[in-house]
């Protein structure tokens with residue numbers, strides 16, 4: 001479990017209008033689909049964002065690389081700007097989700113960020129800030145972002161299940177918490193803003209012991225094996241089976257074969273693997289050629305599809 005935060009380069013805006021904000025939410029959803037992340041809290045501000053995310057697989061680094069890189073490319077393309085959007089590497093605080101209180105405190109910190117920033121008057125309810133996961137907690141699951149998970153926080157707060165009564169009580173408790181703050185601060189929040197870990201000391205010692213056993217500069221042994229590459233390989237094998245292709249036939253097929261393009265689109269959609277990896281794995285030539293094929297495949301066509309010999 002992590003609290004992830006990043007700011008705009010030189011504290012400049014990372015969103016310019018609501019279209020940018022919608023694109024941020026959309027891109028985060030794509031990242032979750034690729035990585036199997038579970039988001040518990042989100043707050044998007046003008047020049048930074050906060051995210052409480054659980055990573056069932058050890059892929060935070062790969063996922064954030066794709067997420068921030070894609071956001072930057074889309075923002076720059078829309079606004080015709082060059083250069084960096086974010087101020088260097090993101091900050092990721094490890095959150096103790098097993099010991100009582102820490103996970104709830106971090107989620108409160110994120111949801112109350114608009115209050116601390118004085119974007120809401122004391123009379124305005126927290127739900128009025130639209131670019132946060134807080135309003136999503138108050139609506140039925142069918143109207144909620146599909147990648148947002150609310151049950152864990154409800155459970156930590158000892159609320160009823162995801163029902164109208166439970167959601168109403170959640171809002172009431174958060175409004176009480178909001179008015180308990182003094183000058184928008186809380187004694188526990190200083191630890192969230194600094195350091196690398198927020199939780200019980202026993203688990204902290206356990207994590208430090210695990211890190212000390214690293215087997216390479218970028219690897220932590222077996223627990224890292226089920227990463228993006230493993231998922232991408234699984235996708236490739238599934239698609240080859242559907243097409244009835246062997247690895248040998250994959251190599252013999254033309255670089256631009258429609259079946260290869262179909263596999264490449266799924267790998268690109270569901271994983272964080274690079275175009276260079278896809279081009280090499282599927283025997284499709286240069287990554288720029290794959291990029292052009294995927295771009296063409298994403299455009300609606302009025303022509304009948306051509307057969308590939």
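Observations
- Of residues in the stretch 32-47 being in contact with a helix residue (DSSP H, G or I) (Cβ under 8 Å, 6 or more places away or on another chain) and under 22 Å from residue 79 (Cα atoms), the one surrounded by the fewest Cβ atoms within 10 Å (Cβ to Cβ): 47
- Residue list for the stretch 14-24, restricted to those being touching a strand residue (DSSP E or B) at 6+ places or on another chain (Cβ under 8 Å) and surrounded by fewer than 18 Cβ atoms within 10 Å (Cβ to Cβ): 21
- Residue selected from the stretch 87-102 under the condition surrounded by fewer than 19 Cβ atoms within 10 Å (Cβ to Cβ) and assigned to a strand (DSSP E or B), by the criterion farthest from the chain's Cα centre (by Cα): 94
- Residues in the stretch 18-45 that are at pLDDT 95 or above and outside any helix (DSSP H, G or I): 37, 38, 39, 40, 41, 42, 43, 44, 45.
- If the condition is being assigned to a helix (DSSP H, G or I) and without any contact (Cβ under 8 Å) to a residue 40 or more places away in the chain, then the stretch 129-151 contributes 135, 136, 137, 141, 142, 143, 151.
- Note on the stretch 111-136: residues that are within 22 Å of the chain's Cα centre (by Cα) and under 16 Å from residue 46 (Cα atoms) total 9.
- Selection status of residue 172, free of Cβ contacts under 8 Å to residues at least 24 places away in the same chain and surrounded by fewer than 17 Cβ atoms within 10 Å (Cβ to Cβ): yes
- Screening residue 84 against (1) outside any helix (DSSP H, G or I); (2) surrounded by 15 or more Cβ atoms within 10 Å (Cβ to Cβ); (3) in contact with a helix residue (DSSP H, G or I) (Cβ under 7 Å, 6 or more places away or on another chain) leaves a single unmet condition, (2).
The values are calculated or read from the model by the stated rules, or taken from the named source; none is laboratory data. Keep in mind that this is a model prediction, so the values were computed, not measured. Note: ideal-geometry Cβ built from the backbone for every residue, glycine included; neighbour counts use all protein chains shown.
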